[in-house]
Amino acid sequence: MISRHDIQLIITAARAWLGGLAALVIVAIGLRIVSTFGWYFPPNFRDGFLAGRDAYFWRSAYGVGFYLHIVGAPVALLCGLPQFSRLLLRAFPRLHRTLGKTYALAVLLAAAPGGLIMGFWSRGGIPAMLCFITMSVLVAAFTILAWRTALQRRFESHRKWMTRSYLLMISAVLLRLLDPALRRAGLSDDLSYQLSVWLSWVPSLVIFEVMERVKITKGPVIASH
Ligand code: HEM
């Protein structure tokens, strides 16, 4: 018969595999995002994401927001990833703190304000604009709460706020998987983009909140030994 201890081992192994797989996908898509940066330094207004944006790029806050965002967001994505490793946390607590502070500063000073500014000119119109504004405000708020709870040494709350913040950051990865998939499924470019921007973070946050509630009602199975 499978003992409680065996079940714990299986769950721990499954979590490690899934975590490793998710990390690989995040790194691969993150590298793909950064691989287009040749078009942005200097800005190419003929092809790609910046095509046709020359009318307002330097005449508004867009240019500054754009560069803040495309530099800060990949730094945050990269620094946030190893933070979920319990091994790293235990073996190198100072590295965890340094990466955490770099993540928070990259989100608060660059990725979130830049994303907020860019959101007003989103190619997905008002539905996408509202989504990006909500995301930018939420990611900043979650990151501030995560930092505050760490300083207060309320580490369980800190873990939850940081996870919420990072789930918003990896929306960039999910968006780049969902949008082409929905277009291939037959949706128009606009509808696919508008749906994808919302689907790239709302379900993840809902699933996370449900899992946390289940954990509270069932009790901490993993930590019961
Ligand atoms: C809460 C998280 C994020 C928000 C609110 C956000 C917001 C935005 C917005 C509004 C745009 C313009 C989209 C449009 O015009 O339709 C954009 C584009 C972009 N974002 Fe983000 N973003 C987030 C996370 C990230 C992350 C984690 C990365 C990097 C890995 C990233 C990299 C980029 C890049 C490079 C662009 C330019 C378009 C492209 O090259 O694909 N963003 N983002």
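Quick note: the coordinates plus some simple rules give every number you see, no bench work behind them. Just so we're clear, the structure is a prediction, and the values are computed from it rather than from any experiment. When we count neighbours, we look across all protein chains shown, and the Cβ atoms used for this are built from the backbone with ideal geometry, even at glycine.
A few points about this structure:
- Taken about its Cα centre, the chain carries a charge dipole of roughly 800 debye when the Cβ of each Lys and Arg holds +1 and the Cβ of each Asp and Glu holds -1.
- Exposure proxy ranking, count of Cβ atoms within 10 Å, fewest first, for 101, 218: 218, 101
- For the chain, the mean residue ellipticity at 222 nm estimated from helices alone is -24000 deg cm²/dmol, where every DSSP H run of n ≥ 4 contributes -39500 (n - 2.57) and the total is divided by all residues, rounded to the nearest 500.
- Volume per residue for the chain equals 149 cubic angstrom (convex hull of Cα atoms).
- For residue 101, a cut-off of 18 angstrom between C-alpha atoms picks up these lysines, skipping any fewer than 8 places away in its own chain: 160.
- Ranking 132, 151, 82 by how far each Cα lies toward the positive end of the dipole of the range 32-224 (charges on Cβ) leaves 151 at the top.
- Computed lengthening from residue 35 to residue 206, 0.36 nm per intervening residue step minus Cα-Cα distance: 58.4 nm
- Here's the picture: charge each Lys and Arg Cβ at +1 and each Asp and Glu Cβ at -1 in the chain, and of 64, 167, 187 the one pushed furthest to the positive end of that dipole is 167.
- Span-like helix ranges in the chain, DSSP H, alpha carbon extent 18 angstrom or more, Kyte mean at least -0.5: 4-34, 62-80, 93-106, 125-151, 171-184, 202-218
- Relative contact order [Cα under 8 Å, 6+ residues apart], the range 1-112, whole percent: 22
- With the simple model of a label 7 Å out from the Cα in the direction of the Cβ, residue 216 to residue 46 spans 5.7 nm.
- The stretch between residue 94 and residue 75 holds 5.0 nm of extra length on full extension. This uses 0.36 nm per residue minus the Cα-Cα distance.
- The length gained on full extension between residue 190 and residue 87, counted as 0.36 nm times the residue separation minus their Cα-Cα distance, comes to 32.8 nm.
- Hydrodynamic estimate: the Kirkwood radius of the range 70-196 over Cα pairs, inserted into Stokes-Einstein at 4 °C and 1.567 mPa s, corresponds to D of 84 µm²/s.
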